[in-house]
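One structure below.
Each value in this text was obtained by applying a stated rule to the coordinates, not by laboratory testing. Model, not experiment: these values are computed from the prediction. A quick note on method: Cβ atoms are made from the backbone with ideal geometry, for glycine too, and the neighbour counts reach across all protein chains shown.
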């Protein structure tokens, strides 16, 4: 059986590797001249400075079903992961910080309120059982049978009271959960910031689960990044596919999916080359999949679902080559992988609202990644790279919330807005500019131009709000990766279980095949 996989992002490569290891003939097609999608590492500023293009945190991959099944094979093909014992912190303008660490007592020592220390320890004691139940739900196929099985397992493990507590968590907004659990507004903001990693502003129902899992898992398990870059995953997966007889073909853009008699029979490449296949696995967001099916799927409801799929606000990336780490007011921040900059929960809500209205946020939410703290080989000796994710910016600019930038084209705006971002960081790290050797700014539209799955710079490939999550992701009735076209399957961050490096949809669909 010949399987064509469209797209060499992590879900496409995991599906391809799984099928190749099962003896299927696999061809992965990639429009760029190099594989990896959002899991790539490149010298974007100066020679010797290796920057993760998009994904940096590989914890979900390290904990994935695919890694559990094939970890040894991945290591033989070069996968190397680096453990992180201080995964994230939030900085505040007065020089204080809240930090989550695997070191006993270090996390709660950064809390200002004694009651919060006790509440955190109580949450942490319950976390293993809660995480196991949530993991069962978040990794199950979204079919009637799969969902019923997961709910039954949770009920048996948690009982009625525990199951209802989990249900309350699942439907809560980040702010609601943080405020009922902790007292200090700084700690509430530090946790709510994780919601925006998956398009959950503080007051969006259904978003509490992500701050809960990321916050407590940070202490319970730490974080994982890739040795010398996130592309350690991509290189290992490509090696697995090729060693099993498959191929990864770059500079091969698919123009349309070829169908015959209601089934996928292959693809047509730009330039007219036709490749036949028994199955086609499309690692594509709904907008891109619809574009490759110019005649539609034959199912009007499904086609409407692809068109109506909603994307989150965009992201801008700033990559810096540094002579040293930022001179943080709180010197302890030099020891963390991520530093979040959004001092109040209302700052998160305001930035999201402004971006959703098409405005450049006055003070965007910033994720400052410091991978060379744990992986110094990404830069020359004594040097560092900074990975700055500017959360919640509009793809189409209607105005500037601060009233200072008049231009509306991202090519004209990106450098001026990057200056604003760096000035914002300098409030927390005075003297930052003195340590910058070079920078590369990538606007939301440039992210999409390089990777069409990042629509408008949306790095999670579609909002995870409740109406577009679980059995509704991407379209009701097709959350298992199936499509109305026989032998055509969809994987990627737009398909359940959604975004991140866990490659859940690639794994689930490949198991189905």
If I take every Cα pair under 8 Å that is 6 or more residues apart in the chain, average their sequence separation and divide by the length, what percent do I get for the relative contact order? 24 percent
Crossing angle, helix 114-138 versus the chain [Cα axis fit, 0-90 degrees, rounded to tens]: 0 degrees
Segment residue 165-residue 324, length gained on full extension (0.36 nm per residue, minus Cα span): 52.7 nm
Sorted by Cβ neighbour density within 10 Å, fewest at the top, the residues 142, 471: 471, 142
How large is the helix-only mean residue ellipticity at 222 nm for the chain, computed as the sum of -39500 (n - 2.57) over DSSP H runs with n ≥ 4, divided by its residue count, in deg cm²/dmol to the nearest 500? -11500 deg cm²/dmol
Can you compute the label reach from residue 356? Point 7 Å from Cα along the Cβ direction, backbone N cut-off under 15 Å, restricted to the range 394-418. 394-395
Could you give the distance between the Cα centres of the range 165-206 and the range 337-373, to the whole Å? 15 Å
Between residue 407 and residue 114, what is the spin-label point distance in nm, taking each point 7 Å from the Cα along the Cα→C-beta axis? 5.5 nm
Could you tell me the distance between the Cα centroids of the range 442-513 and the range 25-71, to the nearest Å? 17 Å
Against the longest alpha carbon principal axis of the chain, how many degrees, from 0 to 90 and to the nearest 10, is the axis of helix 10-21 turned? 50 degrees
When all C-alpha to C-alpha distances in the range 311-370 are sorted into bins of 10 Å, what percent of pairs does each bin hold, rounded to whole numbers? 19, 44, 29, 8
Extension length gain for residue 268 and residue 184 (0.36 nm per residue less Cα distance), in nm, is 24.5 nm
May I ask for the percentage of alpha-carbon pairs in the chain that lie more than 40 Å from each other? 18 percent
Once the piece of chain linking residue 96 and residue 276 is laid out straight, how much longer is it, given 0.36 nm per residue of separation minus the C-alpha distance between them? 58.8 nm
Relative contact order of the range 443-513, defined on C-alpha pairs under 8 angstrom at six or more residues apart (%): 23 percent
What's the exposure ranking of 345, 28, 82, going from fewest to most Cβ atoms within 10 Å? 82, 345, 28
To two decimal places, what compactness ratio does the range 212-306 give when its Cα radius of gyration is scaled by 2.2 N^0.38 Å? 1.51
Given a Förster distance of 22 angstrom, what is the FRET efficiency for residue 450 paired with residue 256, based on the Cβ-Cβ distance and rounded to 0.05? 0.55
What nm distance separates the two modelled labels at residue 471 and residue 346, each placed 7 Å from Cα along Cα→Cβ? 4.0 nm
Taking Cα atoms, how many degrees apart are the long axis of helix 144-171 and the longest axis of the chain, rounded to 10 and kept between 0 and 90? 10 degrees
Need one number: % antiparallel among DSSP beta bridges in the range 1-158, to the nearest 5. 55 percent
Label residue 123 and residue 227 with points 7 Å out from Cα along Cα→Cβ: what is the distance between them in nm? 3.4 nm
Arranged by the count of other C-beta atoms within 10 angstrom, fewest first, what order do 192, 250 take? 250, 192
FRET efficiency estimate (nearest 0.05) - Cβ-Cβ, residue 437 to residue 415, R0 22 angstrom: 0.85
